[in-house]
Amino acid sequence: MITPTKGISPDRSLLAVGAQISMVLSHPMTVSQAWSEFRSRREELGHRSPVSFEWFVLGLDVLYSLGALELRDGLLIRRRSDAASSQR
């Protein structure tokens with residue numbers, strides 16, 4: 001589920017969905033805005049594997065668990081890693 005398996009294509013694994021969500025979060029946005037941007041981005045990239053809203057939320061959960069995302073004042077905010085911040 002988190003990584004690709006025989007039953008889950010690589011572009012639908014939760015790590016890939018989380019990465020796609022992270023790419024969409026170039027600025028703080030609501031969950032609804034992120035969902036809309038995510039679907040548009042997948043369509044642009046030609047991903048054919050369906051991703052439901054529930055799967056999208058699981059992708060958000062993975063990002064939150066990894067400390068890559070936070071919810072502040074109703075907005076999703078992508079967090080930069082300490083390593084990336086210290087290189088600046």
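The values are calculated or read from the model by the stated rules, or taken from the named source; none is laboratory data. Note that the structure is a prediction, hence the values are computed from the model and not measured. Cβ coordinates were reconstructed from backbone atoms using ideal geometry, including for glycine residues, and neighbour counts include every protein chain displayed. Calculation scope for accessible area: heavy atoms of the full protein, side chains included, ligands and nucleic acids excluded. Shrake-Rupley method; radii C 1.70, N 1.55, O 1.52, S 1.80 Å.
Descriptive notes on the structure:
- Some residue of segment 24-36 being surrounded by 16 or more Cβ atoms within 10 Å (Cβ to Cβ) and farther than 17 Å from residue 77 by Cβ: no
- Matching residues in segment 37-80 - criterion: being touching a strand residue (DSSP E or B) at 6+ places or on another chain (Cβ under 7 Å), open to solvent by less than 40 Å² (accessible area, probe 1.4 Å) and over 18 Å from residue 12 (Cβ atoms): 68, 69, 76, 77
- Contacts under 6 angstrom Cβ, first residue in segment 26-42 being free of Cβ contacts under 8 Å to residues at least 40 places away in the same chain, partner not aromatic (Phe, Trp, Tyr), 6 or more apart: 37/24; 38/21; 38/24; 41/24
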